[in-house]
Amino acid sequence: MADIPKEISIVFEKNKDAITFPVSGAWGGLGPTGSLVVHLYEEYHSTPNSITADVQEDGSVDVNKGDRISRGDITREIQGTMVLSPQQAISIGNWLINKGKEALNKQK
């Protein structure tokens, strides 16, 4: 039987289409095949779908007056979706916890 190497090198390469995006939170759950589906989102105050602005006598527009058609108070814009096996989810979750603790310790 061949010898198992004591160490290997791993190279990280970024896909040319990969993007970096802000994440405020995650939403999701179990998929139909038992995988975890995680939607990563950025959260912000919603903008109205439309507004009706008042036109002043001098022709200027006052957007602070008039009707607003709201579409909710908060918008959660999905930036990307991950589909993970339960094992991958636990591994990545543990990695995030450890890195989060490390970052908090450096802030002290």
* Pairs only if they're at least six apart or on different chains, beta carbon under 7 angstrom, first in region 37-52 and free of Cβ contacts under 8 Å to residues at least 24 places away in the same chain, second open to solvent by less than 50 Å² (accessible area, probe 1.4 Å) and assigned to a loop (DSSP other than H, G, I, E, B); list them, first residue then second. => ILE51/GLY66; THR52/GLY66
* Name the single residue, out of those in region 1-53 being among the acidic types (Asp, Glu) and part of a strand (DSSP E or B), that is surrounded by the most Cβ atoms within 10 Å (Cβ to Cβ). => GLU42
* Would you mind telling me which numbered condition in (1) of a type in the set (Gly, Ala, Ser); (2) in a loop (DSSP other than H, G, I, E, B); (3) free of Cβ contacts under 8 Å to residues at least 12 places away in the same chain; (4) open to solvent by less than 90 Å² (accessible area, probe 1.4 Å) GLY100 fails? => (2)
* To do: Taking the options VAL83, VAL63, name whichever one is open to solvent by 70 Å² or more (accessible area, probe 1.4 Å) and over 24 Å from VAL23 (Cα atoms).
  => VAL63
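The values are calculated or read from the model by the stated rules, or taken from the named source; none is laboratory data. A quick note: this is a predicted structure, and the numbers were derived from the prediction, not measured. Every residue, glycine as well, gets a Cβ built from its backbone with ideal geometry; the counts of neighbours run over all protein chains shown. Only protein heavy atoms, including side chains, enter the accessible area calculation; ligands, DNA and RNA are left aside. Shrake-Rupley method; radii C 1.70, N 1.55, O 1.52, S 1.80 Å.
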